[in-house]
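Working notes, structure below.
Nothing in this text is a laboratory measurement; each read-out follows from the coordinates by a stated rule. Because the structure is a prediction, the values reported are computed rather than measured. We place every Cβ from the backbone using ideal geometry, glycine too, and count neighbours over all the protein chains shown.
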Amino acid sequence: MQLLWLRNDLRLHDHPGFELARQRQQPLAVVYILPSHWLQTDSHGTHRLSAVKARFLRTCLIQLHRDLYKENIRLTLTSGDPVEVLTQLHQQHPFELLTHTAQAPEEADWLAQLQPHMTITTYESQTLFSEEQLAPLLNQNSFPASFSGFRKQVERKLDIQPPEPIAPSPLLLTDWTPDVPGNIQWPDDWHLQPQPGFNRLGGEQPGIKWLKEYLWQRRAIDHYKSTRNRLTGDDYSSQISPWLAWGSLSPRYVWQQINDYESEFGSSEHSGWLKQELLWREFFHWSLRVNQHRFFTYSGLKAGELTSPPAFNQSNWDAWRNASTGFPMIDAGLNELHQSGFVSNRLRQILASFFIHELQLDWRLGARWFEQHLIDFDVASNWGNWSYIAGSGHDPRNGRYFMLNKQLRQYDPELSHIHLWLPELKDSTLEHICQHQQGQQRLKEYPAPIVTVKHKELFKDQSKNLSQKLSKAR
Ligand SMILES: Cc1cc2nc3c(=O)[nH]c(=O)nc-3n(C[C@H](O)[C@H](O)[C@H](O)COP(=O)(O)OP(=O)(O)OC[C@H]3O[C@@H](n4cnc5c(N)ncnc54)[C@H](O)[C@@H]3O)c2cc1C
């Protein structure tokens, strides 16, 4: 018998695991285990599954349940410690385990614990490239330090292209149903009412439908490069990340769709830029594979433990968690994150920069907060981007600082985002808000900023000091 354990590969199209099962022609069980520790709160009050994130995941699973049902295969859902659940199931009915390769150390640890008890066959489905294609780069000495280095290697030196997605075929298998300990325990409030902002269903069919609408009906890819930094709207960027993160969309399928679009309408700087963003995702995915635990340490990829985390500041942390920092641009972004589970890339950068450089909190806590709330949480992209902005990741400039008012004037001059997520400020003007954020003239109807924002020069000095320390250490 065979058991396919799904994690972030919740789809049927371009799925090497289902393809393996189909070729073997043995009875198949398909299982999803919600790790119970995702719901356990840590000492800072964070966990891994907010209500909005749970709602999106639930719709991914419901869709997959329906799609598998049409193939006469049942999707078994349960919660628990994956190692315990799978070991117990294996004791009841021995099986060969088919599952995704480990990406993060946590998953590698699960697989290592299961290995002595059962035969495991792994496959890859979350990346554009395969491990064989990138083999020359996949160790700490040869993995490129920067994204541009990675892109050059992939495009020019190795000259590789993502493989074609696997063509769909009916499974034509019998299934067996494992006797699992119980159903999934969802967070109590998963059935929250829909909010403004990102509001689409999870799952393979909704993901494919949206991708096709974005490309072929709206032809929104034609303005991607010009609009991708906006903060509001439903096609300023592709907004495919939630489906990619849960594996309801295959990155190779997305790539192929963009290629098809380019064949029909010609390639442009916009389609090229969108592909480049998919390469950023790829870069972080493979960097995580190479760097493993280092990805999650405070000093990250920078040599040695040069700096120690800042002292924990409870009141700054509470203000962040309650979206009450007194900075309308930040509080609006946090409201969007909490209520919709999705925030534009530009605003993610602004939020992360504010958390690290103004609130002076440990960037890893911010990454955990995003992990709890983002419906597109992806371990490599999230932790990779946070450490990039903190200066401990792949950024050659040792971190990024975003000046709040400059960003507000450039990306929300009409205050569409602030008015959507902080309707109480609907009568305020851009000038009022900038003055308030700068600590000058306070808005009457809004709490005072909890910190004074830095100036870019100050950040530059800090970053220069860090560079000097780093070069001395090397
Ligand atoms: C602090 C921070 C945390 C982030 N956390 C996540 C996360 O948990 N999950 C996640 O998918 N992305 C994350 N990103 C990257 C990026 O913000 C999102 O991928 C993007 O906003 C998703 O919207 P989109 O699908 O419309 O992207 P588009 O702009 O349309 O890009 C298409 C796809 O390319 C990939 N991509 C785009 N930008 C990046 C990037 N900077 N890094 C890696 N991949 C990228 C995504 O898969 C995205 O869906 C984070 C960025 C920052 C600054």
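Here are the numbers for this structure:
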item	result
Gyration tensor (alpha-carbon) shape descriptor, segment 43-126, a/c threshold 1.5	oblate
FRET efficiency for Val453 and His293, using Cβ-Cβ distance with R0 set to 45 Å, rounded to 0.05	0.85
Alpha-carbon centroid distance for the pair segment 352-371 / segment 128-199, whole angstrom	26
Segments 203-212, 404-413, 130-139 sorted - mean Cβ within 10 Å per residue, highest first	203-212, 404-413, 130-139
Spacing of the two label points (7 Å from each Cα toward its C-beta) at His44 and Glu414, in nm	3.6
Label-point separation, Gln92 to Lys157 (7 Å along Cα→Cβ), nm	5.0
Amide H within-cut-off set for Leu98, under 5 Å, with H built and near neighbours excluded	Leu3, Leu4, Trp5, Thr121
For peptides 152-159, 27-34, sequence by mean Cβ density within 10 Å, most packed first	27-34, 152-159
In order through segment 49-54: 3J(HN,Hα) via Karplus (6.51 cos²θ - 1.76 cosθ + 1.60), integer Hz, x for Gly, Pro	9, 5, 4, 5, 5, 4
Fully extended contour minus Cα-Cα distance, from Asp179 to Glu262, at 0.36 nm per residue	25.1 nm
Two-site label geometry, Ile120 and Ser148: point separation in nm, points 7 Å out along Cα→Cβ	3.9
Pairs from Lys53/Lys212; Lys275/Lys454; Lys302/Lys454 whose Cα-Cα separation, in the structure shown, is over 26 Å	Lys275/Lys454
Rounded FRET efficiency, nearest 0.05, which uses the C-beta distance separating Thr307 from Arg218 and R0 of 60 Å	0.85
Residue-span extension gain [Leu430 to Asn139] - 0.36 nm each, minus C-alpha spacing	99.9 nm
Extended-chain gain in nm, criterion 0.36 nm per residue less alpha-carbon gap, Asn72 and Asp318	83.7 nm
